[in-house]
Amino acid sequence: MPANLTQQYLKAEERYRQATTPEEELVCLQEMLRELPKHKGTDKLQAELKAKISKAKEDAQKSQKAGKKGHSFKVPRQGAGRVVLVGGPNSGKSAFVAAVTNARPEVAPYPFTTREPAPAMMPWEDVMVQLIDTPPITADFCDPNAIGLIRGADLALLFVDLGADEGVDQCQDVLAYLNQTKTRLAKDSYLDEEDIGLSFTKTFLTPNKMDVPEANDRLTLLHEFVPLDFPEYPISAEHGTGIEELRNAIYRSLDVVRVYTKAPNHKDPDYERPFTVRRGGTVLDIAEQVHKDFAKNLKNARVWGVSVHDGTYVKGDHVLADKDVVELHI
Ligand SMILES: Nc1nc2c(ncn2[C@@H]2O[C@H](COP(=O)(O)OP(=O)(O)O)[C@@H](O)[C@H]2O)c(=O)[nH]1
Ligand SMILES: [Mg+2]
């Protein structure tokens, strides 16, 4: 990506990756174009954005004519971030969901027990992370909604079945399938420089069933045949091995800070329900989450926390630290 992209550009780009309708895409692309510094170095990106804008306009018109409400399965975003579970059949995605959430998905030794994407909330300390379990991807099948969900996710977990010899091949099939689409798994999330329609989602490799005696040999084969540079967290979803490390890594990867809000006339903040923002997020970002009007009418705020003197008055652009307490004044 060209240097010197503004925060607004990057935010619009993130929303573009998460857009689920051509109308949303259009708004984000237009904002990206507005925010793009216009010089020789960004000529190509400008042209790319303009082409994408015409395409999104066409798609928006088409979908309006067809009377469709968007082309994607809608799961509202909830919690500190969204993590999508991806993998071949029987790799233990649902077993992992059962291990780390209160949800009780069907776990069974035959493929396609999970028929459509299913959200569940994973607690981490006092926040929740949204996990989305998906049907398996095979050489010739992928749930049509899974691609959009992977694209818009903050993190993907690539499950590999180390309980069976087919596991390594099945992992190759998943990657091969996704490689034919505009949505790929990668070490980090970004849009391709040459083609911003091509989107990469940060992924952890999660080889599962480490409790099985042959698992280690199969893991060696996986490294040999499917070399990936993703961070790796081998687990046993059913025995619990490695689950804590993975849970912590998932939360860390979201790179958010927690903020507790306090009403001006209250002594204590609301410690029950922290808000979360990306690290680097500001008082204004929190105000927006509390209420749109709060963001519009914000005069100032007081902050208590490790990075400021208690009760310091700040403006909307003040960057928050983990566990800050914020009192918004409108
Ligand atoms: N030995 C062992 N079996 C597991 C583990 N996790 C899942 N399984 C089994 O693998 C099969 C498929 O699990 P499931 O969670 O339904 O896989 P999914 O298709 O990826 O959702 C089930 O029979 C599970 O009992 C594990 O950590 N160890
Ligand atoms: Mg399942």
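Read the figures in this text as sums done on the coordinates, not as results from a lab. Note that the structure is predicted; figures quoted are calculated from it, not measured. Using ideal geometry, Cβ is built from the backbone for each residue, glycine included, and neighbour counts are taken over all protein chains shown.
For the listed residue pairs K11/K62; K52/K292; K52/K202; K55/K323; K38/K202, the alpha carbons are over 32 angstrom apart in K55/K323. Think of each Lys and Arg Cβ as +1 and each Asp and Glu Cβ as -1; about the Cα centre, that makes the dipole of the range 256-329 roughly 120 debye.
Take 192-204, 10-22, 82-94 and order them by the average number of nearby Cβ atoms within 10 Å per residue, most first; the result is 82-94, 10-22, 192-204. Which residue, I196, I137, P234, has the largest displacement toward the positive end of the dipole of the chain when charges sit on each Cβ (Lys, Arg +1; Asp, Glu -1)? Comparing the listed Cα positions along the dipole, I196 ranks first.
As a ratio to 2.2 N^0.38 Å, the alpha-carbon radius of gyration computed for the range 7-65 takes the value 1.12. Taking Cβ atoms as reference points and 12 Å as the exclusive limit, the residues near T114 contribute a net charge of -2, counting Lys and Arg as +1 and Asp and Glu as -1.
Charge dipole (Cα centre; +1 on Lys/Arg Cβ, -1 on Asp/Glu Cβ; no other charges) of the chain amounts to roughly 1680 debye.
Converting the Cα gyration tensor eigenvalues of the range 82-254 into ellipsoid dimensions via √(5λ) gives semi-axes, longest first, of 21, 19, 16 Å. For the range 7-65, the dipole from Cβ point charges (+1 on Lys and Arg, -1 on Asp and Glu) about the Cα centre works out to 200 debye, to the nearest 20.
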